[in-house]
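As structure tokens, the structure follows; a few thoughts come after it.
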Amino acid sequence: MKILLLNGPNLNLLGTREPEIYGTVSMEIHLELLQKAYPKHEILYYQSNVEGEIINRLQENDFEALIINPGAFTHYSYAIADCLKNISQPKIEVHISNIYKREEFRQKSVTAVNADGIISGFGMNGYSLAVASLIL
């Protein structure tokens with residue numbers, strides 16, 4: 001399976017950004033671990049801090065399944081939500097922290113309504129859980 005793992009704003013700083021919330025492992029290291037754990041599957045990776053670039057990447061439609069962590073766009077990007085609505089492939093929304101245990105504004109996801117499932121609060125393991133759920 002060809003899986004696009006897409007991260008939104010500030011997730012390029014994983015490993016150094018608020019390690020008490022997001023951990024100390026960089027996305028590059030975690031991607032290596034994912035690829036070793038799921039060698040029969042192609043995991044494409046894309047990260048952007050720019051909403052329009054995320055939408056453009058999603059609209060390339062060159063994947064069989066999607067794992068998306070929209071970052072802060074989770075809470076207010078109706079443009080990304082609309083884009084997700086038009087993707088027919090399986091979609092899993094992932095959040096490293098448990099968004100429901102954080103500030104009130106972080107507890108609402110406008111993008112989740114267009115995902116097939118949500119994984120929140122399992123740290124970087126959430127990405128692996130998402131891959132596992134897609135390949136079953």
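With respect to Ser88, is the statement that it is buried (at least 16 other Cβ atoms within 10 Å of the Cβ), in a loop (DSSP other than H, G, I, E, B) and not acidic (Asp, Glu) true? Working first, answer last.
Details: buried (at least 16 other Cβ atoms within 10 Å of the Cβ): no; in a loop (DSSP other than H, G, I, E, B): yes; not acidic (Asp, Glu): yes.
In short, no.
Suppose we filter Gly71, Gly52 for residues that are under 15 Å from Gly8 (Cα atoms) and either aliphatic (A, V, I, L, M) or surrounded by fewer than 16 Cβ atoms within 10 Å (Cβ to Cβ) (or both); which single one remains? Break it down into steps so the answer makes sense when it comes.
Details: Gly71 fails: either aliphatic (A, V, I, L, M) or surrounded by fewer than 16 Cβ atoms within 10 Å (Cβ to Cβ) (or both).
The unique qualifying residue is Gly52.
Of all residues being touching a residue at least 40 places away in the same chain (Cβ under 8 Å) and polar (S, T, N, Q) in segment 34-54, which is farthest from Tyr127 (Cα to Cα)? Just the residue, please.
Asn49
Could you tell me which of the residues Leu11, Leu34, Leu4 is more than 22 Å from Thr111 (Cα to Cα) and surrounded by 18 or more Cβ atoms within 10 Å (Cβ to Cβ)? Lay out the reasoning, then the answer.
Details: Leu11 fails: more than 22 Å from Thr111 (Cα to Cα); Leu4 fails: more than 22 Å from Thr111 (Cα to Cα).
Going through Leu11, Leu34, Leu4 in turn, just one is more than 22 Å from Thr111 (Cα to Cα) and surrounded by 18 or more Cβ atoms within 10 Å (Cβ to Cβ): Leu34.
Here's a check for you: in segment 91-113, which residue that is open to solvent by 30 Å² or more (accessible area, probe 1.4 Å) and touching a strand residue (DSSP E or B) at 6+ places or on another chain (Cβ under 8 Å) is farthest from Asp62 (Cα to Cα)? Steps first, answer last, please.
First, the residues of segment 91-113 that are open to solvent by 30 Å² or more (accessible area, probe 1.4 Å): 98, 100-108, 113.
From the residues that got through so far, the ones that are touching a strand residue (DSSP E or B) at 6+ places or on another chain (Cβ under 8 Å) too are 98, 100.
On the way: Asn98: 30, Tyr100: 32 Å.
Checking each candidate, the answer is Tyr100.
Would you confirm whether or not segment 116-123 contains a residue that is part of a helix (DSSP H, G or I) and either closer than 20 Å to Ser77 by Cβ or touching a helix residue (DSSP H, G or I) at 6+ places or on another chain (Cβ under 9 Å) (or both)?
Checked segment 116-123: no residue is part of a helix (DSSP H, G or I) and either closer than 20 Å to Ser77 by Cβ or touching a helix residue (DSSP H, G or I) at 6+ places or on another chain (Cβ under 9 Å) (or both).
Go through segment 76-85 and count every residue that is open to solvent by less than 20 Å² (accessible area, probe 1.4 Å) and either of a type in the set (Val, Ile, Thr) or assigned to a loop (DSSP other than H, G, I, E, B) (or both). Walk me through how you get there before you give the answer.
Step one: list which residues in segment 76-85 are open to solvent by less than 20 Å² (accessible area, probe 1.4 Å), which gives 77, 80-81, 83-84.
From the residues that got through so far, the ones that are either of a type in the set (Val, Ile, Thr) or assigned to a loop (DSSP other than H, G, I, E, B) (or both) too are 77, 80.
Within segment 76-85, residues that are open to solvent by less than 20 Å² (accessible area, probe 1.4 Å) and either of a type in the set (Val, Ile, Thr) or assigned to a loop (DSSP other than H, G, I, E, B) (or both) number 2.
Considering segment 78-104 alone, what residues qualify as being out of contact with any helix residue (DSSP H, G or I) (no Cβ under 6 Å at 6 or more places or on another chain) and at pLDDT below 95?
Those that are out of contact with any helix residue (DSSP H, G or I) (no Cβ under 6 Å at 6 or more places or on another chain) and at pLDDT below 95: Asn98, Lys101, Arg102, Glu103, Glu104.
Of the residues that make up segment 44-60, is at least one modelled with pLDDT under 95 and either in contact with a Gly (Cβ under 8 Å, 6 or more places away or on another chain) or assigned to a loop (DSSP other than H, G, I, E, B) (or both)?
At the first step, the residues of segment 44-60 found to be modelled with pLDDT under 95 are none.
No.
Restricted to segment 55-68, and to residues that are free of Cβ contacts under 8 Å to residues at least 60 places away in the same chain and touching a strand residue (DSSP E or B) at 6+ places or on another chain (Cβ under 9 Å), which residue is most open to solvent (accessible area, probe 1.4 Å)?
Kept after step one, since they are free of Cβ contacts under 8 Å to residues at least 60 places away in the same chain, are these residues of segment 55-68: 55-61.
Subset that is touching a strand residue (DSSP E or B) at 6+ places or on another chain (Cβ under 9 Å): 57-58, 60.
Working: Arg57: 27, Leu58: 2, Glu60: 111 Å².
Checked segment 55-68; the qualifying residue most open to solvent (accessible area, probe 1.4 Å) is Glu60.
The values are calculated or read from the model by the stated rules, or taken from the named source; none is laboratory data. Predicted, not measured: the structure shown is a model, and the values here were computed from it. Positions of Cβ are backbone-derived with ideal geometry, glycine not excepted, and every protein chain shown enters the neighbour counts. Heavy atoms of the whole protein, side chains included, go into the accessibility calculation; ligands, DNA and RNA do not. Shrake-Rupley method; radii C 1.70, N 1.55, O 1.52, S 1.80 Å.
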